[in-house]
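*Asks:* Below is the structure I would like to discuss, written out as structure tokens.
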Amino acid sequence: MSVNENYQRAKKDYEKWGIDVDQVLEKLKSVPISIHCWQGDDIGGFETNQQELSGGIDVTGNYPGKATTPKELRGDLEKALSLIPGKHRVNLHAIYGETAGKVVERDQLEPKHFQNWVNWAKEHGLGLDFNPTLFSHPKADDGLTLSHPDKEVRDFWIRHCIASRKIAAYFGAELGTPALTNIWIPDGYKDIPSDRLTPRKRLKDSLDEIFKVEIDEKYNIDAVESKLFGIGSEAYVVGSHEFYMGYALKNNKLCLLDTGHYHPTEVVSNKISAMLLYSDKLALHVSRPVRWDSDHVVILDDELREIGLEIVRNDALDKVMIGLDFFDASINRVAAWTIGTRNMIKALLYAMLVPNDYLKQLQEEGNFTERLALMEEFKTYPFGAIWDYYCEQTGVPVREAWLEDIQSYEKEVLSKR
């Protein structure tokens, strides 16, 4: 039976519940996922004075074919995007600028250092997002940046974040879609601190200085990201969830939730509805923690489906800015992008093919038996037939056929690096 025939049969199952599948697929096409560039080169970047990875971040594996130049990285992204349905975005870190072989300190970065990325994004109809890079740098060697006791160090990182926001605003103006600029810092202590408050006061003051420079939200949207712990900051992180949630709400910034940045039994899906009551928008970095913030490639597990459901059932597709953040060097890096992004889209599609309004009604009526029964039955509805059709209609390989493209690309391109 053809993909279309399977689709037409599956459609009827969903239509019984008032779900317009054709409309669902049209809506899904309009949801962009921000794909992180750093999966392609193990967060190395292209600084002339490239530093060793630091900041409590670790990438494991040495699979051949890592991108070593901006051109290679963009080529790898193009290959991944050709295998992923829909139109999406690319998320850059400041270390991915191109300075023509000159050493340019991070607080001196300008839009011109990212012009090739902008030209490429225009060519492919992509939006760009941005992140200042407050790690892998001599001024972050002691694990402190915006909360550093030394004002000179703090000021350097403040200037870097301001420069990054201006670069992102340039992206927004040139590409006609606002860039999300997300600030994450590694600041914290390995052992129990004697003073938790003072570093947080310094971080707050630094953020205030950064955001004093007003930038039109038409071009740039600011976000701040928390973390529970990192390598070298096991006992205390300055920018905790509570710190950034309070700061974001008070200062009208987005709070970015990373799925790996919480206690192992704490899930981001449960936070989305609570935070949307008080925030017009949220941002996500979707990853997969295994025992810790290990940033494994996203799979279609229970938590990813719950994230999709929370976004969709709460009519928040235009309120939650979805980005990815994983880096696995033990497998083909282009395949990692493809697997993770396709799974994020699958989670949204799955959620859009559930009779969410009816299930809400059952809960309000206290009919928990039918609610549970239907929630379980829909897990085995012919969702895969809808996904296959969506892939075919958007011109990307159906099911595992994309693996052949990756294998050919590895043989013809990656293996020759």
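*Asks:* Between 0 and 90 degrees, rounded to the nearest ten: what's the tilt of helix 333-352 against the longest Cα principal axis of the chain?
*Replies:* 50
*Asks:* Moving to a separate point now. What is the angle, in °, between the Cα long axis of helix 368-377 and the longest principal axis of the Cα atoms in the chain? Nearest 10 is fine, range 0 to 90.
*Replies:* Between the helix axis and the principal axis of the chain, the angle is about 90 degrees.
*Asks:* Report the gain in length on full extension from LEU249 to LYS27: 0.36 nm times residue separation, minus Cα-Cα distance, nm rounded to one decimal.
*Replies:* Using 0.36 nm per residue and subtracting the Cα-Cα distance, I get 77.0 nm.
*Asks:* So, one more: Using a 7 Å offset from the Cα along the Cα-to-Cβ direction at both ASN314 and GLU105, what is the distance between the two label points in nm, to one decimal?
*Replies:* Going by the 7 Å Cα→Cβ label model, 4.2 nm.
*Asks:* To continue, here is another question. Using only helices, what value at 222 nm comes out for the chain when you add -39,500 (n - 2.57) per DSSP H run of length 4 or more and divide by the total residues, to the nearest 500 deg cm²/dmol?
*Replies:* So the helix-based figure for the chain works out to -13500 deg cm²/dmol.
*Asks:* Oh, and also: Quick one: if you stick a label point 7 Å off each Cα along the C-beta vector at ASN119 and THR68, how many nm between them?
*Replies:* If labels sit at ASN119 and THR68, their model points lie 2.3 nm apart.
*Asks:* Take the Cα coordinates of segment 159-221, assign each an equal point scatterer, and use the Debye formula without solvent to give log10 I(q)/I(0) at q = 0.14, 0.16, 0.21 Å⁻¹.
*Replies:* Here the Debye-derived log intensity ratios amount to -0.51, -0.61, -0.83.
*Asks:* Let me ask another. What is the gain in length, in nm to one decimal, between ASP301 and ARG196 on full extension, counting 0.36 nm per residue of separation less the C-alpha to C-alpha distance?
*Replies:* 34.2 nm
*Asks:* Principal axis extents for segment 258-417, Cα atoms only, whole Å, descending order, please.
*Replies:* Result for segment 258-417: principal-axis Cα extents of 62, 35, 28 Å.
*Asks:* Let me know the charge dipole size of segment 32-352 about its Cα centre in debye, to the nearest 20, where only the beta-carbon of Lys, Arg (+1) and Asp, Glu (-1) is charged.
*Replies:* It comes to approximately 540 debye.
*Asks:* Can you pull the Kirkwood radius for the chain, inverse mean 1/r over Cα pairs, to one decimal in Å?
*Replies:* 22.3
*Asks:* With N set to the number of residues, divide the alpha-carbon radius of gyration of segment 297-348 by 2.2 N^0.38 Å and report two decimals.
*Replies:* Rg over 2.2 N^0.38 Å, computed on Cα atoms: 1.20.
*Asks:* Another one. If you build a Gaussian network model of the chain, linking Cα atoms that sit under 10 Å apart, which residue out of ASP129, ASP41, ASP388 swings the most?
*Replies:* Evaluated over the chain, the most mobile residue of the options is ASP388.
*Asks:* Suppose a student asked you for the relative contact order of the chain, using Cα pairs under 8 Å spaced at least 6 residues apart; what percent would you report?
*Replies:* 20
*Asks:* If you don't mind, another one. Whole-Hz Karplus ³J(HN,Hα) for segment 266-280, in order, using 6.51 cos²θ - 1.76 cosθ + 1.60 and θ = phi - 60°, x for Gly and Pro?
*Replies:* My calculation for segment 266-280 gives 9, 10, 5, 3, 6, 8, 4, 5, 5, 6, 5, 5, 10, 10, 5 Hz in order.
*Asks:* Additional query: So what J values fall out for segment 221-236 if you push phi through Karplus, 6.51 cos²θ - 1.76 cosθ + 1.60 with θ = phi - 60°, rounded to Hz, Gly and Pro as x?
*Replies:* 10, 8, 9, 10, 10, 8, 7, 7, 6, x, 5, x, 9, 5, 8, 7
*Asks:* Give the residue list of GluC sites (Glu not before Pro) in segment 40-136 that are DSSP loop and have at most 11 other beta-carbon atoms within 10 angstrom.
*Replies:* Sites meeting the loop and neighbour criteria: GLU52.
*Asks:* Among the listed pairs LYS122/LYS250; LYS66/LYS379; LYS79/LYS204; LYS11/LYS319; LYS204/LYS319, which have their C-alpha atoms separated by more than 30 angstrom in this model?
*Replies:* Check vs 30 Å cut-off fails for LYS122/LYS250; LYS66/LYS379; LYS79/LYS204.
*Asks:* Could you compute the FRET efficiency for ASN49 and LEU403, with r as their C-beta to C-beta distance and R0 at 30 Å, rounded to 0.05?
*Replies:* Between ASN49 and LEU403 the formula returns 0.20.
*Asks:* Relative to the longest principal Cα axis of the chain, at what angle does helix 302-313 sit, 0 to 90 degrees, rounded to 10?
*Replies:* 80
Here, each number is a calculation from the coordinates, and none is a lab measurement. Everything numeric in this text was worked out from a predicted model, so none of it was measured. Virtual Cβ from ideal backbone geometry, glycine too; neighbours counted across all protein chains shown.
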